[in-house]
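Encoded as structure tokens, the structure appears first; notes follow it.
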Amino acid sequence: MAKRGSILVVDDEEIMRDVLETLLSAEGYRVELAKTGEEGLECYGRRAFDVVLMDVSMPGMGGLRALEEILKVDAEAVVIVITAYATFDTAIGAWERGAFGCVRKPFQNEQILATVAAGIKRRRKDEERHNLRRAMSRSVERGSIIGHSERMQSVFQLVDQVAPARSTVLITGESGTGKELIAKAIHEQSTRAGRPFVTVNSSNIPSELLESELFGHTRGAFTGAVAAKKGLFEVADGGSLFLDEIGDIPPETQARLLRVLQEREFTPLGDTTPRKVDVRIVAATNVDLKEAVRQGSFREDLYYRLAVVPIELPPLRERREDILPLAQHFIRKYDEENSRDISDQLSPEVLALLEQYTWPGNVRELENVMERAVVIAPGDEVTRQCLPAEIADPSKAMSAAPLSGAGVALDVSHGINFYDEVRRFEIDLIRRALDQTGGHQSRAARLLGMNPTTLNSKIKTYNIQLRQ
Ligand SMILES: Nc1ncnc2c1ncn2[C@@H]1O[C@H](COP(=O)(O)OP(=O)(O)OP(=O)(O)O)[C@@H](O)[C@H]1O
Ligand SMILES: [Mg+2]
């Protein structure tokens, strides 16, 4: 008869082990035996079984402890407890500890076989669910990019289609919709994956520096050019160049960029011989480039060169079905990062609040909200109190004065909102650091002991105005 599953029998009595082994093997199960709870645990640690038959009273660890330990190793382990003292209490105790079933000694063979069969069935269902989840998450999660909504599914499809080609891609979308994430995904899925992915953030670099960053310069090309420097186009050769915030590049640089895109070659500042490069350009912007073209601040010819393949990322409020999976993803991420133990299950109340909110800062804002919620949650779940006021109390937020950093009176009428406390504190610290460093972001980041990218993202999230 075909083997139908694997069973671990844990019993200190030899006669019981024999009886069970004979009975179960005859049914076609593959049986392994253990004499103590400790031994059983060791067996299970080596490999999972479909079902465990566990005697309750054994010297040493005892069946109920062993049951608990096995469930720590495999939360979905199917353990059937066998006890000679089948009082109501023992059964409840076993059940409370997570046992799948409880069989009283002496037992009928049919009883054991039926319970085991039910256990195997449940195990198979769990497996199916896992396989399904794995298959699903392959299609909705690209690495850590989450998108269950139809609109994100079409974005993923487009990414699949364009990744292998060299065509220039223009990603548009509001701030925080995941443009950079998608740009990286395009690179990762291309044949260029092993080559560099170089990011140029046009808004972070002063215009005079931008060109020398992009194209490089020779020694002595301008005052201060004490050594030759490779441009990012050259650094990215064979790979991808991500031109972030492309809407911000000044007109002169637009003209030079256009030439590079047309001719696939560039000339470093101070040099005369052009250099050939093989670079895939992915550009991103959160401004309406077509509008910028109409207004004359962005070259039309450059726009068409860039927008060979346009990818538009929808704002989060237009794909609300992504809110829950994203929120859960961020809870898991920050739970692990902060060694907390916060459940990724959201109460209907919290979920409704998250789904109602308009998310002007899109996924970045949701990520920040969930990160703080995980850090400040007093218990093991995210509650309404862990959410910022405008989300936790939508009706109040409408009339509430906008947060202005330090010095805002606390609204204690419905308890302290942890989130806002943390946020005020953080905004205040960032402002002070920026003041102290004269608005120099990377110095401020150092002062705060923060990664410059993190600081930049917080400045965006909190909409902290920078001095020009
Ligand atoms: N679909 C997604 N799945 C998981 N994380 C996401 C997703 N979209 C965005 N994020 C996360 O949100 C944050 C913001 O994303 P990203 O930096 O790519 O946005 P952006 O569109 O480039 O924003 P900006 O225009 O402000 O630069 C990042 O931490 C990113 O990892
Ligand atoms: Mg970005």
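The values are calculated or read from the model by the stated rules, or taken from the named source; none is laboratory data. Here the structure is a predicted model, which means the values were calculated and not measured. All Cβ positions, even for glycine, are placed from backbone atoms using ideal geometry, and neighbour counts span all protein chains on display. Please note that ligands, DNA and RNA were not included when accessible areas were found on the heavy atoms of the full protein model with its side chains. Shrake-Rupley method; radii C 1.70, N 1.55, O 1.52, S 1.80 Å.
Tabulated data
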read-out: Any chance V162 is within 13 Å of ligand 2 (Cβ to nearest atom) and either within 21 Å of K290 (Cα to Cα) or surrounded by 18 or more Cβ atoms within 10 Å (Cβ to Cβ) (or both); value: no
read-out: Enumeration of residues in the range 283-323 that are more than 20 Å from E174 (Cβ to Cβ), aliphatic (A, V, I, L, M) and part of a helix (DSSP H, G or I); value: L302
read-out: Which listed residue is in a helix (DSSP H, G or I), within 21 Å of R124 (Cβ to Cβ), hydrophobic (A, V, I, L, M, F, W, C) and assigned by TED's automatic domain parsing to the domain that holds R124, from L53, L24, L41; value: L24
read-out: Within the range 90-117, considering residues that are part of a helix (DSSP H, G or I) and within 14 Å of L64 (Cβ to Cβ), the one farthest from the chain's Cα centre (by Cα); value: T90
read-out: Condition check for Q157: surrounded by fewer than 18 Cβ atoms within 10 Å (Cβ to Cβ), free of Cβ contacts under 8 Å to residues at least 24 places away in the same chain and away from ligand 2 (no atom under 16 Å from the Cβ); value: yes
read-out: Some residue of the range 154-171 being within 9 Å of ligand 1 (Cβ to nearest atom), of a type outside the set (V, I, T) and either out of contact with any His (no Cβ under 7 Å at 6 or more places or on another chain) or at pLDDT below 90 (or both); value: no
read-out: Every residue from the range 228-248 that is open to solvent by 10 Å² or more (accessible area, probe 1.4 Å) and touching a Leu at 6+ places or on another chain (Cβ under 7 Å); value: L232, G247
read-out: For L113: the one exception among (1) within 21 Å of E27 (Cα to Cα); (2) open to solvent by 50 Å² or more (accessible area, probe 1.4 Å); value: (2)
read-out: Extreme residue, nearest to the chain's Cα centre (by Cα), among residues of the range 284-305 that are within 16 Å of ligand 1 (Cβ to nearest atom) and of a type in the set (A, V, I, L, M, F, W, C); value: A284
read-out: Any hit, the range 185-207, residues being of a type in the set (D, E, K, R) and within 16 Å of ligand 2 (Cβ to nearest atom); value: no
read-out: Hits in the range 334-387 (condition: outside any helix (DSSP H, G or I) and among the β-branched types (V, I, T)); value: I342, T358, V382, T383
read-out: Given (1) under 22 Å from I459 (Cβ atoms); (2) at pLDDT below 55; (3) surrounded by fewer than 17 Cβ atoms within 10 Å (Cβ to Cβ), index of the condition D435 fails; value: (2)
read-out: Filter pass, I80 being part of a helix (DSSP H, G or I) and either in contact (Cβ under 8 Å) with a residue 24 or more places away in the chain or open to solvent by 10 Å² or more (accessible area, probe 1.4 Å) (or both); value: no
read-out: Selection count where residues are within 16 Å of ligand 2 (Cβ to nearest atom) and of a type in the set (A, V, I, L, M), scope the range 244-270; value: 2
read-out: Qualifying positions in the range 172-191 - in a loop (DSSP other than H, G, I, E, B) and within 11 Å of ligand 1 (Cβ to nearest atom); value: G173, E174, S175, G176, T177, G178
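Here is a yes/no grid of residues against (1) open to solvent by less than 40 Å² (accessible area, probe 1.4 Å); (2) part of a loop (DSSP other than H, G, I, E, B):
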site: E213; (1), (2): no, no
site: G220; (1), (2): no, yes
site: L258; (1), (2): yes, no
site: L261; (1), (2): yes, no
site: I281; (1), (2): yes, no
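Quick grid of which residues meet (1) surrounded by 15 or more Cβ atoms within 10 Å (Cβ to Cβ); (2) in contact with a helix residue (DSSP H, G or I) (Cβ under 7 Å, 6 or more places away or on another chain):
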site	(1), (2)
R305	yes, yes
K333	yes, no
Q345	no, no
L366	yes, yes
C386	yes, yes
A389	yes, yes
A392	yes, yes
